[in-house]
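To start, the structure under review is shown below, and the notes come after it.
The values are calculated or read from the model by the stated rules, or taken from the named source; none is laboratory data. What you see is a predicted model, and the numbers here were worked out from it, not measured in a lab. Cβ sites come from the backbone with ideal geometry, for glycine too, and all protein chains shown count toward neighbours. In case anyone asks, the SASA skips ligands and DNA or RNA and just uses the protein heavy atoms, side chains included. Shrake-Rupley method; radii C 1.70, N 1.55, O 1.52, S 1.80 Å.
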Amino acid sequence: MNCPYCYRVGNVLGNVSTEKAYYYIDFLKFIGCTNINITGGEPLLHPAWREIIKYCFQKKLYVALTTNGLALDLDDDTLQFVHHVALPLDGGNAHTNSMTRSKKQFYKVLQLIDQYKKGCYKFHLKINTVITKYNFSELEQILNIVDDSRLEWKLFVLHKKGYFYHFPEENTIPDAVSLSPLEHILKNEHKCTINYNGNGHTINNYEYIYQDNPVVLNFDGNLYR
């Protein structure tokens, strides 16, 4: 979707082969990896994404799947091997969401959230929101969409990094400023779990803590932090 704040190196240059994916998964397991996040670019565009997820599960890894949701079917049998699914939602309405993603993606995520609320799924559903000037005034609207006891809402401060990053600087929100509406939101009653990725800040006893020693495995086998 050419998301303007994407930092994945080489994410438009190709797919890892299934054989190499297995090799890299074995290597990560060998060096002590316990959790793996299948992401991209868009992981569901990979022709063997189902086999790769199953292999991770067989290796006894905690498996997360981060997808834009456009090609996602919550009833896909492969999701029985996934511990949690993460979907992006960057606006309280389709227009705001289209500033960084698309109107189509907004409606698809709404449909998936509604389906998840009505269903009985074993995997955990997490909604990711990157805080920008586009959606800064709509965080309560997004909360209204995701406010369910079975959902987690994770908010990110936007960090400039990576070759593919092309987000307009004038529409970023400083870390300290982004805290203000969140403090207000957290004072009100809500059902979902709220996590905040903002340089280790704690808001009303809510804190997002990075897992130890996270690394990114690129499609060509390069590891970087």
In the stretch 171-204, anything at pLDDT 90 or above and either surrounded by fewer than 12 Cβ atoms within 10 Å (Cβ to Cβ) or of a type in the set (Lys, Arg) (or both) is listed as Lys191
Filter result for the condition that a residue is surrounded by 16 or more Cβ atoms within 10 Å (Cβ to Cβ), among the charged types (D, E, K, R) and at pLDDT 95 or above, over Asp73, Asp90, Asp77:
Asp90
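Please work out which residue is modelled with the highest pLDDT, limiting yourself to the stretch 119-133 and to residues that are out of contact with any His (no Cβ under 9 Å at 6 or more places or on another chain) and crowded, with 19+ Cβ neighbours inside 10 Å.
Applying the filter and picking the extreme gives Ile127.
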In the stretch 25-54, which residue that is open to solvent by 40 Å² or more (accessible area, probe 1.4 Å) and among the aromatic types (Phe, Trp, Tyr) is farthest from Tyr5 (Cα to Cα)?
Phe30
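Return yes when Lys160 is among the basic types (Lys, Arg) and modelled with pLDDT of 85 or more and no when it is not. Walk me through how you get there before you give the answer.
Values: among the basic types (Lys, Arg): yes; modelled with pLDDT of 85 or more: no.
Considered against the rule, which asks whether it is among the basic types (Lys, Arg) and modelled with pLDDT of 85 or more, Lys160 comes out as no.
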Go through the stretch 39-60 and give me each residue that's part of a helix (DSSP H, G or I), over 17 Å from the mean Cα position of the chain (by Cα) and not charged (D, E, K, R).
Ile52, Tyr55, Cys56, Phe57, Gln58
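So which residues in the stretch 61-84 are more than 12 Å from Pro43 (Cα to Cα) and outside any helix (DSSP H, G or I)?
Leu61, Tyr62, Val63, Asp73, Leu74, Asp75, Asp76, Val82, His83, His84
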